[in-house]
Amino acid sequence: MLFDWQFALSILPQLARAAVVTIEATLIGFVLAAVLGLVLALLRRSENRLISGATAGFVEFIRSTPLLIQIFFLYFVFPRFGIVIPAFAAGVLALGVHYACYCSEVYRAGLDGIPRGQWEASIALNLSPARTYRDIIIPQAIPPVVPALGNYLIGMFKETPLLSAIAVVELMQTAKIIGSETFRYLEPITMVGVFFLIMSLVSAAGVRRVEAWVKSRRG
């Protein structure tokens, strides 16, 4: 047979262990992206032009350069300046920062969608900017952007194979190792595709549940 099911079952445990690394990298990277993205969105709205301008420049620079280049830069270039980052940490950091810049634009759209009257009411109540954002603006701005953030989570799953470029032994790297050792690539590559399909579908279902929960809370 073209596809050897017995061989596929024999490598399944090895791929399953590698899938754990992929899931860890994605979830940690997404948490970093979600938190840092909100920080970047708030900094970009700063009344200080130096801060807002520098933040806008950073976001556009990261969004305009390939993720793979950023991974290489963190892992291979930073050590020349005395900053040595382990491969897994460098990959997760690159994923998190890259997607944080995209998430910041999503947050910014949510913040811009808040009616001006909410801001004026906060000023009338003499609320500080920090309290205005924390108690009034952010709780209203985040729920509408949950679906967009969920799309970036799914997208991040599909970007993790790039980490194999710096020898992070995730799913794709494991499949390549198995293929080079056995000279059979059909089974491991096919199974990696199935793993990613399952993880993406599970993530999409999770995002829909979160979206439904947020809508019920707002209602």
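Annotations
- Check on S64, of a type in the set (S, T, N, Q), surrounded by fewer than 16 Cβ atoms within 10 Å (Cβ to Cβ) and on the phi < 0 side of the Ramachandran plot: yes
- Tabulated pairs, region 83-101, first more than 16 Å from V39 (Cα to Cα), second among the hydroxyl-bearing types (S, T, Y), C-beta under 6 angstrom, 6+ apart or interchain: A90/Y75
- All positions within region 126-141 that are buried (at least 17 other Cβ atoms within 10 Å of the Cβ) and either more than 16 Å from P115 (Cβ to Cβ) or in contact with a Gly (Cβ under 6 Å, 6 or more places away or on another chain) (or both): A141
- Flag: K158 matches the condition of being charged (D, E, K, R) and either within 29 Å of Y75 (Cα to Cα) or within 20 Å of the chain's Cα centre (by Cα) (or both).
- Residue, farthest from the chain's Cα centre (by Cα), within region 163-177, restricted to residues that are surrounded by 21 or more Cβ atoms within 10 Å (Cβ to Cβ) and either hydrophobic (A, V, I, L, M, F, W, C) or not in a helix (DSSP H, G or I) (or both): A175
- Any chance E24 is more than 19 Å from R108 (Cβ to Cβ), acidic (D, E) and either out of contact with any Ser or Thr (no Cβ under 8 Å at 6 or more places or on another chain) or part of a helix (DSSP H, G or I) (or both): yes
- Checked against (1) part of a helix (DSSP H, G or I); (2) closer than 29 Å to L153 by Cβ, I85 passes all but a single condition, namely (1).
- When region 142-151 is filtered for residues that are buried (at least 18 other Cβ atoms within 10 Å of the Cβ) and over 17 Å from V39 (Cα atoms), only G150 remains.
Coordinate-derived values only; no laboratory data. Quick caveat: nothing in here was measured; it's all calculated off a predicted structure. In this analysis, Cβ positions are derived from the backbone assuming ideal geometry, glycine residues included, and neighbour counts consider all displayed protein chains.
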